Amino acid sequence: MDGNLQKLKITAYKEATFEESEKISEGEFMVRINPETYALDYKIKYSDDQASGTSGDLPKFDKTEPLSLGFKFIFDSTGALPGTTDEEREKGIASQIAQFKKVVFDYVGEKHAPPFLEIIWGDLLSRCVLTGMKINYKLFRPDGKPVRAEVDAKFKELVEPNERVAQENDQSPDLTHIRSVKEGDTLPLFCKDIYGDPKYYIEVARVNKLISFRNLKVGQKIIFPPLAKV
């Protein structure tokens, strides 16, 4: 690893294809303070059907529900964080929260629906939608303007049927993967490992906007999309 601090980033899209052309203008948010923790909520649904006149029956598996994620984001304009501007100290945290809300919550005009989101942080890559958010204001100036807040946000992953099956094998080429580059790693070798064929390295380089596939940096994150999209 190169030791550089990586910040959690959320990108908003108009469509669930997550193509570059579907990115929303100004639809990107990078946190100033990484979450201390995040929660992954796995749920299995069973049928409640029970035959008449019986005292009970074994639960019948119905489906595995999409993964839910929970994050707590901290917003601060007290000046304690490096990079806080005089304007932010004057206005409080209103502009920071407004930008966050614009990216994850506000309707996409032509769709009349909230955006589709891509969350990237370290080895986490989640394509999801926001299901709810709660803002807790923690600290105030004498004039009542909030200068610190905690946003508790919940997301639900978007899982296509073929991906749901493939998740039983986390090495499946039908899933999106993220790899951290180590000494000696090459793009063709990554493609051989993930897709079973090194020939996809050119397309992976294009997806990651790599100028040269030969000069990978140790610690660099490389995204490998599902094989069908490669």
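The values are calculated or read from the model by the stated rules, or taken from the named source; none is laboratory data. Owing to the predicted nature of the structure, the values given are computational and were not obtained by experimental measurement. Don't worry about glycine lacking a Cβ; one is built from the backbone with ideal geometry, like all the others, and counts go over all protein chains shown.
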Residue within region 25-43 that is modelled with pLDDT under 85 and hydrophobic (A, V, I, L, M, F, W, C) present: no
Leading residue by the ranking (surrounded by the most Cβ atoms within 10 Å (Cβ to Cβ)) among those in region 9-49 that are more than 21 Å from Asn208 (Cβ to Cβ) and of a type in the set (Lys, Arg): Lys14
Within region 106-217, strands (runs of 3 or more DSSP E) holding 2 or more residues that are modelled with pLDDT of 90 or more and more than 24 Å from the chain's Cα centre (by Cα): 124-140, 146-157
Positions within region 50-67 being loosely packed, with under 10 Cβ neighbours inside 10 Å and modelled with pLDDT of 65 or more, in sequence order: Leu58
Filter result (in contact with a helix residue (DSSP H, G or I) (Cβ under 9 Å, 6 or more places away or on another chain) and either not assigned by TED's automatic domain parsing to the domain that holds Ile24 or not acidic (Asp, Glu) (or both)) within region 63-102: Lys63, Thr64, Pro66, Phe73, Phe75, Ser77, Thr78, Gly79, Ser95, Gln96
Candidate set from region 219-230 (those that are among the aliphatic types (A, V, I, L, M) and surrounded by 13 or more Cβ atoms within 10 Å (Cβ to Cβ)); member that is modelled with the lowest pLDDT: Val230
